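One structure is given below, encoded as structure tokens.
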Amino acid sequence: MRTALLQSSGRPGSTAENLKVLDDAAGRAAAAGARLLVAPEMFLTGYAIGDDIARLAEPADGDAADAVAEIAGRHGLAVAYGYPERDGETVFNSAQLISADGTRLANYRKTHLFGCFERDHFTPGEQPVVQAELDGLTVGIMICYDVEFPENVRAHALAGTDLLLVPTAQMHPFQFVAESLVPVRAWENQMYVAYVNRVGPEGEFEFVGLSTLAGPDGIARARAGRAEQLVFADADPAFLAASREANPYLVDRRPGLYGSLV
């Protein structure tokens, strides 16, 4: 499945402008044959926008979701994107996957919040594994800091995730996560991992870009630089099956020894 990674911070503070950026990227991605477009964490509103997070937060089935569904349907590709989700008085850092026909397939709430900024503005989610079927692949979703917990990604591996989407807001000086940790996660869990970052200065943060799609062999199929960029890579089910056949990690596990981990 040809996958497009949209490395962009969009226009922080303006959902309308970010929908325009997403629309443009979806058009370019579809023209290049992509079946899936993945945007970063909190893409629809911006990340470092303070109390505007609560003001701009919407339900998972709100107006912004309808607008993304229209974009996905018009361009004929699935879209995954980060946004602040409002559920009553509670706000989550969420990511949603919408199919090429505009159907809402999956919605994930970030389970591991990073730093005081996120803990001040969001409530953590409680469902670690969220999946959907897309073009013959089992697609899972998590957000940024979540992927740095090996238990999280292993839970996806055991649940059969083939392609893990990770919208992210990875900041300086933690670029080693994109450069080294993400390919290792893909290798040790035998899956593809699409890690899609914001880029450039925003508020007190400096986002490092370096978005990547890593394969189950631990090799990056695509790697963005430090500027706004749309990059492409393929998630190949046949290669994934062959890699899993050759790599015994999941088969050789001894869960009875791991009780002390929890």
Compute the acute angle (0 to 90°) between the alpha-carbon long axis of helix 63-75 and the principal axis of greatest extent of the alpha-carbon atoms of the chain; round to the nearest 10°.
-> 70 degrees
Which FRET efficiency, nearest 0.05, do Ala31 and Leu257 yield, Cβ-Cβ r, R0 41 Å?
-> 0.20
Percent relative contact order of the chain, based on C-alpha pairs within less than 8 angstrom and at least six residues apart?
-> 18 percent
Restricted to the chain, the DSSP antiparallel beta bridge percent, nearest 5, is 70 percent
Summing -39500 (n - 2.57) over every DSSP H run of at least 4 in the chain, dividing by its residue total and rounding to the nearest 500, the 222 nm mean residue ellipticity is -7500 deg cm²/dmol
How many percent of DSSP beta bridges within region 21-106 run antiparallel, rounded to 5?
-> 75 percent
By how many degrees, between 0 and 90 and to the nearest 10, does the Cα long axis of helix 237-246 differ from the longest principal axis of the chain?
-> 40 degrees
Test item: Cα-centred dipole of region 73-142, Lys/Arg +1 and Asp/Glu -1 on Cβ, debye = 120 debye
Cβ-defined net charge surrounding Val231, 13 Å radius [Lys, Arg +1; Asp, Glu -1] = +3
Please sort 125-138, 73-86 by packing, taking for each peptide the average over its residues of neighbouring beta carbons within 10 angstrom, highest first.
-> 73-86, 125-138
So, relative contact order of region 129-262 in percent, Cα under 8 Å, 6 or more apart, is 18 percent
Helix 15-31: angle to the longest alpha-carbon principal axis of the chain, degrees 0 to 90, nearest 10?
-> 50 degrees
Over region 100-167, calculate the relative contact order: mean separation of alpha carbon pairs under 8 Å at least 6 apart, over the residue count, as a percent.
-> 30 percent
Inter-site label distance for Arg55 and Ser180 at 7 Å from Cα along Cβ, in nm = 4.1 nm
Label-point separation, Cys116 to Asp135 (7 Å along Cα→Cβ), nm = 4.4 nm
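Bear in mind that the values in this text are calculations on the coordinates, not laboratory data. Since the model is a prediction, treat every value here as computed from it, not as a measurement. Note: ideal-geometry Cβ built from the backbone for every residue, glycine included; neighbour counts use all protein chains shown.
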